[in-house]
1. So in the stretch A:13-46, with the set limited to residues that are within 13 Å of chain B (Cβ to nearest Cβ) and on the phi > 0 side of the Ramachandran plot, which one is farthest from the chain's Cα centre (by Cα)?
2. A:PHE274 fails exactly one of the following numbered conditions: (1) more than 14 Å from chain B (Cβ to nearest Cβ); (2) crowded, with 19+ Cβ neighbours inside 10 Å; (3) closer than 30 Å to A:ILE76 by Cβ; (4) touching a Lys or Arg at 6+ places or on another chain (Cβ under 7 Å). What is the number of that condition?
3. Picking from A:GLY195, A:GLY236, A:GLY227, which residue would you name as being touching a residue at least 60 places away in the same chain (Cβ under 8 Å) and crowded, with 21+ Cβ neighbours inside 10 Å?
4. Among the residues of the stretch A:25-70, write down those that are surrounded by 18 or more Cβ atoms within 10 Å (Cβ to Cβ), of a type in the set (Gly, Ala, Ser) and either touching a strand residue (DSSP E or B) at 6+ places or on another chain (Cβ under 8 Å) or assigned to a loop (DSSP other than H, G, I, E, B) (or both).
5. How many residues, within the stretch B:136-171, are surrounded by 15 or more Cβ atoms within 10 Å (Cβ to Cβ), in a loop (DSSP other than H, G, I, E, B) and either of a type in the set (A, V, I, L, M) or touching a helix residue (DSSP H, G or I) at 6+ places or on another chain (Cβ under 9 Å) (or both)?
6. Kindly indicate which of B:GLN106, B:GLN27 is of a type outside the set (Val, Ile, Thr) and more than 14 Å from every other protein chain (Cβ to nearest Cβ).
7. Can you work out which of the residues in the stretch A:277-316 that are within 11 Å of another protein chain (Cβ to nearest Cβ) and in contact with a Phe, Trp or Tyr (Cβ under 8 Å, 6 or more places away or on another chain) is surrounded by the fewest Cβ atoms within 10 Å (Cβ to Cβ)?
8. Condition first: surrounded by fewer than 21 Cβ atoms within 10 Å (Cβ to Cβ), within 14 Å of A:PRO94 (Cβ to Cβ) and out of contact with any strand residue (DSSP E or B) (no Cβ under 6 Å at 6 or more places or on another chain). Can you find one or more residues in the stretch A:177-186 that meet it?
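The values are calculated or read from the model by the stated rules, or taken from the named source; none is laboratory data. Computed from a predicted model, the values in this text were never measured in an experiment. FYI the Cβ positions are ideal-geometry reconstructions off the backbone, even for glycines, and counts take in every protein chain you see.
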Amino acid sequence: MISPYPAITLIVVLIGALTIAGGLVWAERRLLALWQDRYGPNRVGPFGLMQTLADMIKLFFKEDWIPPFADKWVFIMAPAIVMFTVLMSFVVVPFAPGMIISDLNIAVLFFLAMSSLGVYSTVLAGWASDNKYALLGGMRAAAQMLSYEVFMGLSLMGTVLLAGSFDLVDIVNAQRHMWFVVPQFLGFVLFMIAGIAETRRLPFDLPESESELVAGYHSEYSGMKFGMFFVGEYIGILLISSMITVLFFGGWQGPVLPGIVWYFIKTFFFLGFFILLRAALPRPRFDQLMSWGWKLMLPLALANLLVTGAVKLAFFS
Amino acid sequence: MLSIIRALWDVFLHAFRKRVTIQYPEQKAYLAARYRGRIILSRDPEGEERCVACYLCAVACPVDCIALQATEDPTGRRYPEFFRINFSRCIFCGYCEEACPTYAIQLTPDVEMGEYNRQNMVYEKEHLLIDGPGKYPDYNFWRVAGVKIGGKDKGEAEREAPPTDLRSLLP
């Protein structure tokens with residue numbers, strides 16, 4: 001079903017995604033504080049809600065400095081790419097029945113393509129900065145995101161097989177009787193892990209790893225260009241949480257409450273889980289990260305696909 | 001793998017713990033009586049300045065934030081003509097208090113000394129002097145020291161015998 005007012009949906013989604021990303025910065029700091037027996041930002045406005053706004057005003061007034069040794073145009077492009085790819089992915093996310101910007105029949109592939117393009121932002125940022133730490137961060141980002149991209153796609157193929165469609169609306173509708181997390185639990189776990197690696201969140205924030213690489217690929221960025229990476233990361237978390245909700249937890253499906261409310265309840269649950277991961281887990285070594293990706297996750301994803309395909313072929317065809 | 005889930009659960013349980021933060025401006029942290037905060041100059045039980053301007057605090061100060069000038073009153077009692085502490089230099093190490101032979105200079109449990117103007121961090125004697133004896137209520141240097149000042153001759157101090165009259169020892 002195509003939304004009757006795609007332009008309105010588009011504006012609502014754009015503003016909504018950016019607002020939620022801003023709110024997430026606050027929510028993350030409050031939740032981390034809660035789990036570390038602190039309070040977090042609670043002074044600016046009620047419960048500290050205006051903290052992000054204050055930070056944003058501050059970022060806007062910071063000097064927007066481009067290093068003289070940097071590759072200027074690539075340096076400027078990189079933060080734009082991360083925002084662009086992440087926001088483009090929201091085009092295919094079905095929030096509620098009829099509330100979708102574009103009901104693509106290859107929505108899952110589109111999402112995967114956009115998240116692959118997102119790699120460019122970090123690599124180009126690391127390259128254009130002409131700084132050894134930034135370059136190391138960019139290289140790590142490239143290796144990590146490409147490796148985890150591989151089984152991210154494969155882990156989704158189970159749900160695609162069960163639903164018989166690449167269309168996210170069809171996938172949500174196919175979960176009317178049972179969420180795909182039940183038959184595809186392994187796929188869910190793999191997609192979750194790949195999603196953390198894709199958004200470069202802790203415990204997989206090796207491209208940034210501030211304890212070794214200053215700030216990794218965005219070491220040289222300041223002002224609102226840094227802000228774009230920052231917000232891009234949070235919209236990325238929102239996107240991955242949305243995709244988990246849509247692909248494995250029935251999207252808008254749920255009793256009594258309207259669809260959009262169920263979508264938000266589920267999405268915010270996973271956002272909270274992402275933050276809990278950051279609060280609880282240390283960062284692995286880079287070789288550990290790579291060997292998990294290739295030697296453990298990829299075979300598991302292949303086995304999951306094989307078994308799902310076999311069961312589907314044997315019982316449901 | 002199990003340890004990761006265990007770690008997640010343990011961290012999650014911290015949501016129900018008491019928070020350790022002290023909400024500062026509304027809620028004050030407990031500072032012990034011996035806390036090393038704002039420096040004061042105390043008075044003896046008779047209400048006179050304890051400081052005898054011996055300069056030991058200024059010498060002991062590792063950042064040279066204490067400046068003073070000694071002088072004497074007509075009765076021979078030493079006191080500082082001016083006494084100045086630059087708190088923008090002070091590191092609150094408490095060495096001045098340790099060096100002080102008369103318990104005059106003391107550190108107090110007060111840390112709220114923020115100023116917008118740096119010059120306001122320089123405290124003069126009238127800002128430093130308090131009305132009471134501070135941590136040592138009964139101590140009075142001049143009443144135990146064998147020094148002659150106005151109103152107290154040699155040998156009249158507490159636990160002190162009158163000086164021997166040297167002439168009485170002559171053969």
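1. Across the stretch A:13-46, the extreme among qualifying residues is A:ASP37.
2. Answer for A:PHE274: the failing condition is (1).
3. Within the list A:GLY195, A:GLY236, A:GLY227, the selection yields A:GLY236.
4. Listed by number, the residues that qualify are A:GLY40, A:ALA70.
5. 2
6. Within the list B:GLN106, B:GLN27, the selection yields B:GLN106.
7. Among them, the one singled out is A:PRO284.
8. No.
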